[in-house]
Amino acid sequence: MDHDTIADITQIQQLLARYAVYMSQHDVEGMVSRVFAPGGTYSAFGDVYSTTDFPRLMEAAPRGLYTTGLPLIELDGDTASGVQTLQFVAQATHELRIGYYTDTYTRTEDGWRLQTRRMTFMRRNGAHDSGRPHDPGRPTPSATNV
């Protein structure tokens with residue numbers, strides 16, 4: 001790999017480290033301002049959420065520790081795609097959730113940012129899915145996603 005490729009991959013790895021730390025610390029402002037690109041989205045539970053939805057979405061989410069693996073990243077100029085594994089440990093119960101994120105990234109004036117992040121849960125029965133859309137505690141996406 002050349003120097004520029006290594007620098008881009010390192011910057012994306014740091015971006016994803018911020019995501020895991022900010023989620024663990026419940027830092028909504030950091031998530032919106034330093035992780036996602038303007039117009040960025042997060043997908044799970046059959047819905048797509050914009051950054052304007054993050055305060056409500058994070059408030060509804062259980063608190064806990066987000067542990068992520070090194071991402072597999074494919075660079076393509078000022079955009080990239082990747083997959084990153086996840087293990088979430090709920091703070092109150094220590095229950096585990098495992099899965100992976102499928103991402104797209106974009107280079108902005110402020111560095112690399114997540115453009116899209118889609119969650120896939122890995123179930124005990126071997127299934128891989130985006131979550132349970134019927135959870136009544138989860139907010140509905142804002143109209144900005146339509």
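The values are calculated or read from the model by the stated rules, or taken from the named source; none is laboratory data. Not measured: the values here are computed from a predicted model. As a convention, Cβ positions derive from the backbone with ideal geometry for all residues, glycine included, and neighbour counts pool all protein chains shown.
Descriptive notes on the structure:
- Of the residues making up region 68-93, those that are assigned to a strand (DSSP E or B) and farther than 19 Å from H128 by Cα are I73, E74, L75, D76, T79, A80, S81, A90.
- Residue check, L65 within 14 Å of the chain's Cα centre (by Cα), over 19 Å from R113 (Cα atoms) and either touching a residue at least 24 places away in the same chain (Cβ under 8 Å) or not in a helix (DSSP H, G or I) (or both): yes
- Region 28-62, residues that are among the basic types (K, R) and more than 13 Å from the chain's Cα centre (by Cα): R56
- Flag for T104 being surrounded by 16 or more Cβ atoms within 10 Å (Cβ to Cβ), under 30 Å from I6 (Cβ atoms), at pLDDT 95 or above and hydroxyl-bearing (S, T, Y): yes
- Residue pairs meeting the criteria (Cβ under 8 Å; at least 6 apart or on separate chains; first more than 23 Å from I98 (Cβ to Cβ), in region 44-57; second modelled with pLDDT under 90 and not in a helix (DSSP H, G or I)): S50/P141; S50/S142; T52/S142; D53/P139; D53/P141; D53/S142; R56/P139
- P141 more than 30 Å from D2 (Cβ to Cβ), surrounded by 18 or more Cβ atoms within 10 Å (Cβ to Cβ), at pLDDT below 95 and not aliphatic (A, V, I, L, M): yes
- Filter result for Q87 (touching a residue at least 12 places away in the same chain (Cβ under 8 Å), farther than 21 Å from V28 by Cβ, touching a Lys or Arg at 6+ places or on another chain (Cβ under 8 Å) and of a type outside the set (D, E)): yes
- Within region 44-86, the only residue that satisfies the criterion of being surrounded by 14 or more Cβ atoms within 10 Å (Cβ to Cβ), modelled with pLDDT of 95 or more, over 26 Å from R123 (Cα atoms) and not small (G, A, S) is L75.
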